[in-house]
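One structure below.
The values are calculated or read from the model by the stated rules, or taken from the named source; none is laboratory data. Source: prediction; values computed, not measured. Backbone-built Cβ (ideal geometry, glycine too); neighbour counts: all protein chains shown.
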Amino acid sequence: MKRAPFQACALACERGGRRLFEGVDFALSEGEALWLSGANGSGKTSLLRLLAGLGLPAEGEVCWRGKPVRELREDYHRHVLYCGHAAGVKDDLSAWENVVYGAALSGRRVSRGQAEAALARAGLDHVAMLPAHALSQGQRRRVALARLYLDPLPPLLLLDEPFTALDAQAVQALCERLAAHLDGGGMAVYTTHQAHSLRPQRLQRLDLDQLAAGHGDQQAWRTDQLSAPSRAAGVSAQARARPAAHVQGARP
Ligand SMILES: Nc1ncnc2c1ncn2[C@@H]1O[C@H](COP(=O)(O)OP(=O)(O)OP(=O)(O)O)[C@@H](O)[C@H]1O
């Protein structure tokens, strides 16, 4: 059987001397999305950062195409686009310079023309020249997300609250962009507390609250609870014996 390109095995995370979660397992294949859910402080951002290779797990391994990402380093990072929770834009740089700078941080060379085209696709062509400090919060967020409108996208997107501070039109545009990415065989892991219209054909859900509550061993419940359309669409569900992640097919 073909191995899923992106896998997490028995991941555990500790922050500030406290164990946030353990036993996180999933396997993500081409065209699949994973929705991380859980209450504020449950560890979604911490998990995304581990998946991005920005920290080391207390236990377990994140693997890309069968190899641990801690060994692959740059060879992993060029396959990944991580968009963090904060806007992360530089006040003194213009919008287009921020796109170039943000791409450079992830090892990608982007011309001014490419940056302006991405901003236009993000609905920000009229502010491309403005310094970031002159932009609204929503516009700053859209500048940070403009990297998602650069072509080609790397196969794996890791998105922390991508819809925060966006207006309805921008949320819709981003959903369409992500759907096209998944339809083209890309993968995405994302967190959101917000209503949105992203309806991937194949979606897994990992709920850190359920995991903390020790509901990780209910494999039969999970597979049985998949809705008929979800099953037909090939939503996958999997688990290990406890402790294990609460991964289930889901419809947001
Ligand atoms: N640098 C740090 N040092 C110590 N503790 C931290 C650090 N960063 C986060 N934490 C703690 O880890 C826990 C999980 O934080 P995290 O940001 O991963 O949660 P989250 O699920 O993404 O929350 P939210 O939904 O509010 O964004 C919190 O209790 C937080 O206080």
**OP:** Would you please name the residue that is surrounded by the most Cβ atoms within 10 Å (Cβ to Cβ), looking only at residues in segment 172-201 that are modelled with pLDDT under 90, within 15 Å of the chain's Cα centre (by Cα) and more than 16 Å from the ligand (Cβ to nearest atom)?
**Re:** PRO200
Original post:
Going by the conditions given, is VAL62 under 16 Å from ALA188 (Cβ atoms), surrounded by fewer than 21 Cβ atoms within 10 Å (Cβ to Cβ) and either more than 13 Å from the ligand (Cβ to nearest atom) or aliphatic (A, V, I, L, M) (or both)?
Top reply: no
**OP:** Those residues that are more than 9 Å from the ligand (Cβ to nearest atom) and out of contact with any helix residue (DSSP H, G or I) (no Cβ under 8 Å at 6 or more places or on another chain), I need them from segment 23-46; list them, please.
**Re:** ASP25, PHE26, ALA27, LEU28, SER29, GLU30, LEU34, TRP35
Original post:
Within segment 9-22, restricting attention to residues that are within 16 Å of the ligand (Cβ to nearest atom) and over 14 Å from LYS44 (Cα atoms), which residue is surrounded by the most Cβ atoms within 10 Å (Cβ to Cβ)?
Top reply: ARG18
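Quick one: would you say ARG141 is within 16 Å of the ligand (Cβ to nearest atom) and outside the structural domain of ARG49 (by TED's automatic domain parsing)?
yes
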**OP:** Please indicate, with yes or no, whether at least one residue in segment 72-87 is within 16 Å of the ligand (Cβ to nearest atom), within 30 Å of GLU116 (Cα to Cα) and among the aliphatic types (A, V, I, L, M).
**Re:** yes
**OP:** Please tell me if ARG147 is basic (Lys, Arg), under 25 Å from GLN204 (Cα atoms) and out of contact with any Cys (no Cβ under 6 Å at 6 or more places or on another chain).
**Re:** yes
**OP:** Give the residue, chosen from ARG65, ARG108, that is at pLDDT 95 or above, basic (Lys, Arg) and over 29 Å from ALA39 (Cβ atoms).
**Re:** ARG65
